[in-house]
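Visitor: Sharing a structure here in structure tokens format.
The values are calculated or read from the model by the stated rules, or taken from the named source; none is laboratory data. The model shown is predicted, which means the values in this text are computed figures rather than measured ones. Neighbour counts run over all protein chains shown; Cβ positions are idealised from the backbone, glycine included. With ligands, DNA and RNA removed, areas are computed over all heavy atoms of the protein, side chains included. Shrake-Rupley method; radii C 1.70, N 1.55, O 1.52, S 1.80 Å.
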Amino acid sequence: MLQKDSKGSFVVGKRNRALSPTKVIALTFALIILTGALLLMLPIASRSGISCGFRPALFTATSATCVTGLVLYDTWTQWSWFGQIVIISLIEIGGLGFMSAASLVVFLFRKKVGLKQRLVMAQALSLTDMEDVVKLQKVVIFGSLGVQSVGAAILFVRFLPEFGFRRALRWGVFHSISAFCNAGFDIFGCMEPGSSLILFNSDPVVILTLGALVIVGGLGFLVWQEIVQVRNFKKFSVYTKLVLLMSGGLLALGTVCFCALEWSNPGTLGPMSIGDKILNGFFQSVTVRTAGFAAVDQAALTDAGKAVSLVLMFIGGSSGSTAGGVKTVTMVVLLLFLAARARGRDSVSVFRRTIPNSQVLDAMTIGSIVMGLAIFGSIFICVTSSVSFVDAAFETVSALATVGLTAGVTPSLSIPAQILMIVYMYFGRVGVLTISLGFLMGNRAQDRFQYAQTNLLIG
């Protein structure tokens, strides 16, 4: 690389080979997944004492680290206590981000946080600058641990009388972490393998506690901080207002749609009481936006119910959270853009603020990439596995949006389809969160020249 010396002459300098924060995050996630896969391959990780092999271990480690929840085997049936500890550790690291774990050590030992570490933290939390990043990181860590502890305590008290101290404690901690991190892994398989939350779908304490943890985890760390510090909706930033309104609207709309579409379905809400139907319609609206817990049989959903699930999975949670998807505000920007263009306007505005055209294009780019990958993946699964297109789309979007819900086809996927799901889960967590973020935050390339304009027929 040419550089100028003190006399103004160009000399050959050493190329800066330091990895960007985005690459650091992506590579570290890959390293964590590989480490988790190697640990899950150990005979001690399997309940049978026999190694499960590399591919199933890699699939499970990817699903846990990317807080997805898709599994080839029931978590309780396949994995020993050691394997379950590895899985829940991967979920915690993947949900909060590896920088949260690293910075926790820094805070505990009161070491100085350098500029490079601040930059990586900012990238991991979806921040556009480094202002107050350390303060926000503390909110992320201690706030997350606090919320998870409350959730675990509530679940522990609920399970204690019926299942005893040890199981209640294990279930409370495991499922509180899994719900807050929007992972969807469960260890209820000791009662009925693969049942997830179906055995507890008439228990409001379990359903509402896990639902609340999922919602809080999916709002995003920036929104938490603003809610705690400002406490006044009118004074919230435009971003926080959009997150809260979009999240609330999606929860309400999803609840109404699922109740209306599944009310008489004998495979889902049909046999339930009115109260349980509303409760499970609400929880389905919550979990389908990246949580992955199933309180009703997803394979038994009507095609219309699966279609609504696909839309909600595609949107997902909010930026800088434990959730996946294209994110709520991304979808808001796209909808506002469509509304503006339908009225013949060139600019997009909301709450008396104009959204830069560059961010509108960013939202369109992310949405288009994820949509294209979803279509390709659905077709690929149909070709390589004996799965209907609806179920293939359900599986594909679930992996891309790191949801973890399945129509019951995950174990029957072909090896190529399983490999594609591993790639999609990784991209859904790392690609959308950090790789795309790094692209959006990078310096905009300026065109050195422009071709003459031409008009095309559109529409």
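Visitor: Which pairs have Cβ atoms under 8 Å, sit 6 or more apart or on different chains, and link a residue in segment 248-273 that is under 15 Å from Leu301 (Cβ atoms) to one that is of a type in the set (Asp, Glu) and open to solvent by less than 30 Å² (accessible area, probe 1.4 Å)?
Guide: Thr268/Glu262; Leu269/Glu262; Gly270/Glu262
Visitor: Tell me, yes or no, whether segment 337-360 has at least one residue that is closer than 25 Å to Thr68 by Cβ and not polar (S, T, N, Q).
Guide: Within segment 337-360, not a single residue is closer than 25 Å to Thr68 by Cβ and not polar (S, T, N, Q).
Visitor: Go through segment 379-394 and give me each residue that's within 27 Å of Ile198 (Cβ to Cβ) and either at pLDDT 95 or above or of a type in the set (A, V, I, L, M, F, W, C) (or both).
Guide: Kept after step one, since they are within 27 Å of Ile198 (Cβ to Cβ), are these residues of segment 379-394: 381, 385-394.
Selection gives Ile381, Val387, Phe389, Val390, Ala392, Ala393, Phe394.
Visitor: Could you say whether any residue in segment 303-318 is part of a loop (DSSP other than H, G, I, E, B), more than 20 Å from Gly404 (Cβ to Cβ) and of a type outside the set (A, V, I, L, M)? First the steps, then the outcome.
Guide: Quick first cut of segment 303-318, residues part of a loop (DSSP other than H, G, I, E, B) only: 316-318.
Of the ones still in play, those that are also more than 20 Å from Gly404 (Cβ to Cβ) are none.
Checking segment 303-318: not a single residue is part of a loop (DSSP other than H, G, I, E, B), more than 20 Å from Gly404 (Cβ to Cβ) and of a type outside the set (A, V, I, L, M).
Visitor: So, in segment 308-319, of the ones that are open to solvent by 20 Å² or more (accessible area, probe 1.4 Å) and touching a residue at least 24 places away in the same chain (Cβ under 8 Å), which residue ends up nearest to Ile177 (Cα to Cα)?
Guide: Ser319
Visitor: Condition test on Val230, is it farther than 27 Å from Gln298 by Cα, of a type in the set (Val, Ile, Thr) and in contact (Cβ under 8 Å) with a residue 24 or more places away in the chain?
Guide: Considered against the rule, which asks whether it is farther than 27 Å from Gln298 by Cα, of a type in the set (Val, Ile, Thr) and in contact (Cβ under 8 Å) with a residue 24 or more places away in the chain, Val230 comes out as no.
Visitor: Can you find, within segment 61-90, the residue that is farthest from Ala294 (Cα to Cα) among those that are within 13 Å of the chain's Cα centre (by Cα) and in a loop (DSSP other than H, G, I, E, B)?
Guide: Cys66
Visitor: Just checking, does segment 223-235 include any residue being out of contact with any Lys or Arg (no Cβ under 6 Å at 6 or more places or on another chain), under 19 Å from Thr287 (Cα atoms), open to solvent by 40 Å² or more (accessible area, probe 1.4 Å) and part of a helix (DSSP H, G or I)? Let's see the steps before the verdict.
Guide: Narrowing segment 223-235 to residues out of contact with any Lys or Arg (no Cβ under 6 Å at 6 or more places or on another chain): 223-235.
Those still in the list that are under 19 Å from Thr287 (Cα atoms) too: none.
No, segment 223-235 contains no residue that is out of contact with any Lys or Arg (no Cβ under 6 Å at 6 or more places or on another chain), under 19 Å from Thr287 (Cα atoms), open to solvent by 40 Å² or more (accessible area, probe 1.4 Å) and part of a helix (DSSP H, G or I).
Visitor: Taking Thr268 as meeting all but one of (1) in a helix (DSSP H, G or I); (2) of a type in the set (Val, Ile, Thr); (3) surrounded by 15 or more Cβ atoms within 10 Å (Cβ to Cβ), write down the number of the exception.
Guide: So the condition that Thr268 fails would be (1).
Visitor: So which residues in segment 148-195 are hydrophobic (A, V, I, L, M, F, W, C), open to solvent by less than 40 Å² (accessible area, probe 1.4 Å) and either in contact (Cβ under 8 Å) with a residue 60 or more places away in the chain or within 27 Å of Pro411 (Cα to Cα) (or both)? Working first, answer last.
Guide: Let us first name the residues in segment 148-195 that are hydrophobic (A, V, I, L, M, F, W, C), namely 150, 152-157, 159-160, 163, 165, 168-169, 171, 173-174, 177, 179-181, 183, 185, 187-188, 190-191.
Pick out the ones that are also open to solvent by less than 40 Å² (accessible area, probe 1.4 Å) and you get 152, 155, 159, 168, 171, 174, 177, 179-181, 183, 185, 187-188.
Scanning segment 148-195 gives Trp171, Phe174, Ile177, Ala179, Phe180, Cys181, Ala183, Phe185, Ile187, Phe188.
Visitor: Residue check, Phe283 against (1) assigned to a helix (DSSP H, G or I); (2) open to solvent by less than 20 Å² (accessible area, probe 1.4 Å); (3) in contact (Cβ under 8 Å) with a residue 24 or more places away in the chain; (4) farther than 18 Å from Leu210 by Cβ, all met but one. Which one?
Guide: (4)
Visitor: So Thr255 ticks every box in (1) at pLDDT below 95; (2) open to solvent by less than 50 Å² (accessible area, probe 1.4 Å); (3) more than 19 Å from Ala399 (Cβ to Cβ); (4) in contact with a Ser or Thr (Cβ under 8 Å, 6 or more places away or on another chain) but one. Which box is left unticked?
Guide: (1)
Visitor: Residues of segment 402-426 being among the hydroxyl-bearing types (Ser, Thr, Tyr) and farther than 22 Å from Pro193 by Cβ, which ones? Lay out the reasoning, then the answer.
Guide: Going residue by residue through segment 402-426, those that are among the hydroxyl-bearing types (Ser, Thr, Tyr) are 402, 406, 410, 412, 414, 424, 426.
Scanning segment 402-426 gives Thr402, Ser414, Tyr424, Tyr426.
Visitor: Another one. Is there any pair linking a residue in segment 74-97 that is more than 21 Å from Ala323 (Cα to Cα) to one that is open to solvent by 40 Å² or more (accessible area, probe 1.4 Å) and part of a helix (DSSP H, G or I), with Cβ under 7 Å and at least six apart or on different chains, and which?
Guide: Trp76/Cys190; Ser80/Ile44; Phe82/Ile44
Visitor: Now for a separate question. Residue under question is Ile198, and the condition is that it be of a type outside the set (Ser, Thr, Tyr), more than 13 Å from Gly95 (Cβ to Cβ) and open to solvent by 30 Å² or more (accessible area, probe 1.4 Å); does it hold?
Guide: Numbers: of a type outside the set (Ser, Thr, Tyr): yes; more than 13 Å from Gly95 (Cβ to Cβ): yes; open to solvent by 30 Å² or more (accessible area, probe 1.4 Å): yes.
Spelling it out, Ile198 is indeed of a type outside the set (Ser, Thr, Tyr), more than 13 Å from Gly95 (Cβ to Cβ) and open to solvent by 30 Å² or more (accessible area, probe 1.4 Å).
Visitor: Looking only at residues in segment 91-101 that are open to solvent by 10 Å² or more (accessible area, probe 1.4 Å) and at pLDDT 75 or above, which one is nearest to the chain's Cα centre (by Cα)?
Guide: If we take residues in segment 91-101 being open to solvent by 10 Å² or more (accessible area, probe 1.4 Å) and at pLDDT 75 or above, then Leu96 is nearest to the chain's Cα centre (by Cα).
Visitor: Turning to a different aspect of this structure: Would you confirm, using the coordinates I've provided, whether Asp276 is open to solvent by 20 Å² or more (accessible area, probe 1.4 Å) and out of contact with any Leu (no Cβ under 9 Å at 6 or more places or on another chain)?
Guide: The answer is no for Asp276.
Visitor: Determine whether segment 422-441 contains at least one residue that is over 29 Å from Leu34 (Cα atoms) and modelled with pLDDT under 90.
Guide: Looking for residues that are over 29 Å from Leu34 (Cα atoms) and modelled with pLDDT under 90, one finds none in segment 422-441, hence no.
Visitor: Of the numbered conditions (1) part of a loop (DSSP other than H, G, I, E, B); (2) modelled with pLDDT of 95 or more; (3) of a type outside the set (Val, Ile, Thr), Ala57 fails exactly one; give the number of that condition.
Guide: (1)
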